[in-house]
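Structure first, commentary second.
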Amino acid sequence: MNLKMAGISRQAEYSPNHVENDSLILRATAEVLKEFDVDVVFYGEGEVLNSNFKEDLIFSMAQGPDAIERLIEIEKKGAFIINSPKAVKNCYRINMVRLLPDNGIPFPKSIQVEINSDLDINLNGFDPHKFWIKRGDVHAVHREDVTLVYSKEENKSVMKEFYRRGIKTVILQEHLEGDVIKFYAVRDSGFFNWYYLNGRFHTKFDLNKLIELASSSADILGLDVYGGDAIVAPDGSISIIDMNDWPSFAPVRDEAKKHIANLIYKMAVKYVED
């Protein structure tokens, strides 16, 4: 079946240290789609705001709030979009830190804080000597957007910098000790790849449990192409600490592109036929 699709690249601002890798997985996916007789027209994330798409079949890595709101409007009018912009919005931290634990996913204690000019923040029971402060919307634009702090004073300094940059909502999150695992997956494909991002202890864990938690988290958020991070505690228990909408898949790009393209094609064909 000959199909025409729009591929939307991620704005560089939302790809810190991953601009090239994000571009490569998007274009590699398009190359595989061409084997399925799919014609792809590329758009930049910024073009979403100014373009009237001719294509109603779209695969997108867009993350910026303005582009996501525009894509939600397009999706409401009947377009097929993967990942759904609603799922991408669910991955904004202010949403994710509520949705995952509320649906039974083991997740670190997190609270949303609105920064005001006096920076007087109640830590609400957090260990004042070690916790995370993360911007509340998109995952990261600067390295400092996800920072481990070791005192109230350091926390105030980081939040002061956030406030200067116009970031008014942050997430305070407890620090979980253990091995940090990064994973990549594609819905309904059998593809799941993981590796240690910080394997200090190499504690034994149940891989099937990790896959189950990652898959359940993706279902809750509405993701089809996804990745994330998890912590394996010293007792072997697993907590999800982050979910990412369409990561770069850099270590496994050649394998992942086939699964991503196959999923997009199958879902698009079903959309057209229905």
Residue check, residue 186 of a type in the set (Val, Ile, Thr), in contact with a His (Cβ under 6 Å, 6 or more places away or on another chain) and surrounded by 15 or more Cβ atoms within 10 Å (Cβ to Cβ): yes
Test: residue in the range 150-165 that is among the aliphatic types (A, V, I, L, M), surrounded by 15 or more Cβ atoms within 10 Å (Cβ to Cβ) and not in a helix (DSSP H, G or I): no
The range 244-274, subset touching a strand residue (DSSP E or B) at 6+ places or on another chain (Cβ under 8 Å) and charged (D, E, K, R), residue surrounded by the fewest Cβ atoms within 10 Å (Cβ to Cβ): 255
Selected residue (criterion: surrounded by the most Cβ atoms within 10 Å (Cβ to Cβ)) from residues of the range 104-137 that are at pLDDT 85 or above and among the aliphatic types (A, V, I, L, M): 133
Search result, residues across the range 169-183 that are buried (at least 19 other Cβ atoms within 10 Å of the Cβ), under 24 Å from residue 90 (Cβ atoms) and at pLDDT 95 or above: 181, 183
Odd one out for residue 201, checked against (1) more than 23 Å from residue 98 (Cβ to Cβ); (2) touching a strand residue (DSSP E or B) at 6+ places or on another chain (Cβ under 7 Å); (3) in contact (Cβ under 8 Å) with a residue 40 or more places away in the chain: (3)
Any hit, the range 233-243, residues being assigned to a helix (DSSP H, G or I), touching a residue at least 40 places away in the same chain (Cβ under 8 Å), out of contact with any strand residue (DSSP E or B) (no Cβ under 6 Å at 6 or more places or on another chain) and farther than 24 Å from residue 64 by Cα: no
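Of the residues 55, 75, 45, 35, only one is in contact with a strand residue (DSSP E or B) (Cβ under 9 Å, 6 or more places away or on another chain) and at pLDDT 95 or above; which? Reasoning before the result, please.
Values: 55 fails: at pLDDT 95 or above; 45 fails: at pLDDT 95 or above; 35 fails: in contact with a strand residue (DSSP E or B) (Cβ under 9 Å, 6 or more places away or on another chain).
One residue alone meets the criteria, 75.
One line per residue, one yes/no per condition, for (1) in a loop (DSSP other than H, G, I, E, B); (2) of a type in the set (S, T, N, Q); (3) not assigned by TED's automatic domain parsing to the domain that holds residue 9:
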{"residue": "195", "(1), (2), (3)": "no, no, yes"}
{"residue": "201", "(1), (2), (3)": "yes, no, yes"}
{"residue": "205", "(1), (2), (3)": "yes, no, yes"}
{"residue": "216", "(1), (2), (3)": "no, yes, yes"}
{"residue": "231", "(1), (2), (3)": "no, no, yes"}
{"residue": "257", "(1), (2), (3)": "no, no, no"}
{"residue": "264", "(1), (2), (3)": "no, no, no"}
{"residue": "269", "(1), (2), (3)": "no, no, no"}
Restricting the range 7-51 to residues that are over 24 Å from residue 185 (Cβ atoms) and among the hydrophobic types (A, V, I, L, M, F, W, C), the residue that is surrounded by the fewest Cβ atoms within 10 Å (Cβ to Cβ): 49
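The values are calculated or read from the model by the stated rules, or taken from the named source; none is laboratory data. Note that the structure is predicted; figures quoted are calculated from it, not measured. Every residue, glycine among them, receives a Cβ derived from its backbone with ideal geometry; neighbour counts consider all protein chains shown.
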